[in-house]
Amino acid sequence: MKIRMDRRQVLRVGGSAAIGLAAAGIAKPWVIRTATAQDKGPIKIGFPVPLSGIYGDYAKDQVNGANLAIAQANANGGVLGRQVELIVRDDQLDVQVNAKLAKELVENDKVDFLSGALGESTILSMNEASRQYKKIFFGIFKALLLVATAIEIVFYISRTTERSGAANEALRYMNANSTLVQFLGKPIKMKSGLAGEVRHDETGWKEARLTIPVQGPKAEAMAYVVGGKGTGPWTFSSFEVLIEAQHKKIDIISGSVVEYDSTAYLKLHTQAALPPVYNNASVPPPSLDGEFPCVFASLDGSQSVPQFGKCPMPTSGAGAVDRIEADLRYGDFVLRQTDLEVNDVFDVQLTRSYRSRDWVSSSALHAFGLNTNHPFDIAPVGTRNPYTYMLIGLENGDFLYFDRISKGTGYADAVYRLAPPGR
């Protein structure tokens, strides 16, 4: 969140702050001798500012801000049971006029405090007058410095409170997740070291990106969460928990549990291929025909009415597409749109595919963002230690399932085959 003010707004706030500081200062022990609760009249604040001349508009903003602060103080019973009165004078941005006005305000108007003054020279003049007449002077820019400091403190406290709120809500999710509790035990508690921030936009929406160290009776873990919040509770769009000791990565949202080791690929997969020994079990041939039941509708205007039928998997090379699909196998929403097509020796399409749920990937973030990918980012994934099956993740979130048909549990002699019914 950024706070922007122009010069006039700064001066208006500063005028209000200076008067607020003057009024608040009355209750301090070293000021009570100047204005006590036993006095019956109003607390008077002298306010010489350059109402005439080139800075007249700025001075008027100072006066308006000061009057606003006084009105708020008086509406709440004043200070020490006394009303506050602002006595405004025009010092014309002249040092001699300012010194004369300060003398008149103290001797004739019997002010308790001095404030105001806009120019550097008149501020110095007011400082001298405050020492001479033993009156407290609250300068406008000193007030602004204090207000800016206060704003930063409030801003920091607000962000820290919001971050803690999001982290506590994430902790509640973790304690309610039976899969995670199985690995960490219960209760799951937050450790020190919470990191990340909460960002705001102009609509009031908050987004948290946090790294949360947690600990249960069985193990420690690190949670990586991304969540948003409007007027309601926090909702999380990405929520992964890494358990280093057990080499597990748990996706709280999808419920998937995958093997994880940040250093696994540095030393593994160096063994030379071995002759496989096949299982004796008969494996039926795959029955995949490259299609699945769906409801679909085109977005290019050619067929806007939804129809029931079969949709091709991305592997079929059906050319450019611009359509929405509802995968009836899982109830997923799919959006596929071709952004670029090159017709040459063979046709090449760059198609964006979005799926409402990401079934395969350990991370939901892909080339085009959340659950959105293209045909050139497909990859094999599967189990490791033991190596029992492989999946080819497709760009629309679908996948091809390959079961191991060779004996053993290592990778050097692993042979996989597309399993019926093709998934």
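On the stretch given as the range 184-225, residues that are out of contact with any Asp or Glu (no Cβ under 6 Å at 6 or more places or on another chain), outside any loop (DSSP other than H, G, I, E, B) and closer than 19 Å to G165 by Cβ total 17.
Given the structure, is V241 surrounded by 19 or more Cβ atoms within 10 Å (Cβ to Cβ), among the β-branched types (V, I, T) and either within 18 Å of L370 (Cβ to Cβ) or in the same structural domain as N371 (by TED's automatic domain parsing) (or both)?
So V241 fails the test.
Within the range 330-359, restricting attention to residues that are basic (K, R) and modelled with pLDDT of 85 or more, the residue that is nearest to the chain's Cα centre (by Cα) is R355. If you take the residues in the range 200-223 that are under 13 Å from the mean Cα position of the chain (by Cα) and under 18 Å from F239 (Cβ atoms), which one is surrounded by the most Cβ atoms within 10 Å (Cβ to Cβ)? Per the stated criteria, the residue is A208. Within the range 81-101, residues that are in the same structural domain as P50 (by TED's automatic domain parsing) and over 12 Å from V111 (Cα atoms) sit with their Cβ atoms under 7 Å from residues that are at pLDDT 85 or above and polar (S, T, N, Q), at 6+ positions apart or across chains, in these pairs: D90/S52; Q92/S52. Does the range 388-396 contain any residue that is within 24 Å of A320 (Cβ to Cβ), surrounded by fewer than 16 Cβ atoms within 10 Å (Cβ to Cβ) and acidic (D, E)? No; the residues of the range 388-396 include none that is within 24 Å of A320 (Cβ to Cβ), surrounded by fewer than 16 Cβ atoms within 10 Å (Cβ to Cβ) and acidic (D, E). Taking the range 302-312 as the range and being outside any strand (DSSP E or B) and either surrounded by 10 or more Cβ atoms within 10 Å (Cβ to Cβ) or over 38 Å from the mean Cα position of the chain (by Cα) (or both) as the test, the residues that pass are S302, Q303, V305, P306.
Report yes if R352 is part of a strand (DSSP E or B) and under 24 Å from D322 (Cα atoms), otherwise no.
yes
The values are calculated or read from the model by the stated rules, or taken from the named source; none is laboratory data. Owing to the predicted nature of the structure, the values given are computational and were not obtained by experimental measurement. Heads up, the Cβs are rebuilt from the backbone with ideal geometry, glycines too, and the neighbour counts pull from every protein chain shown.
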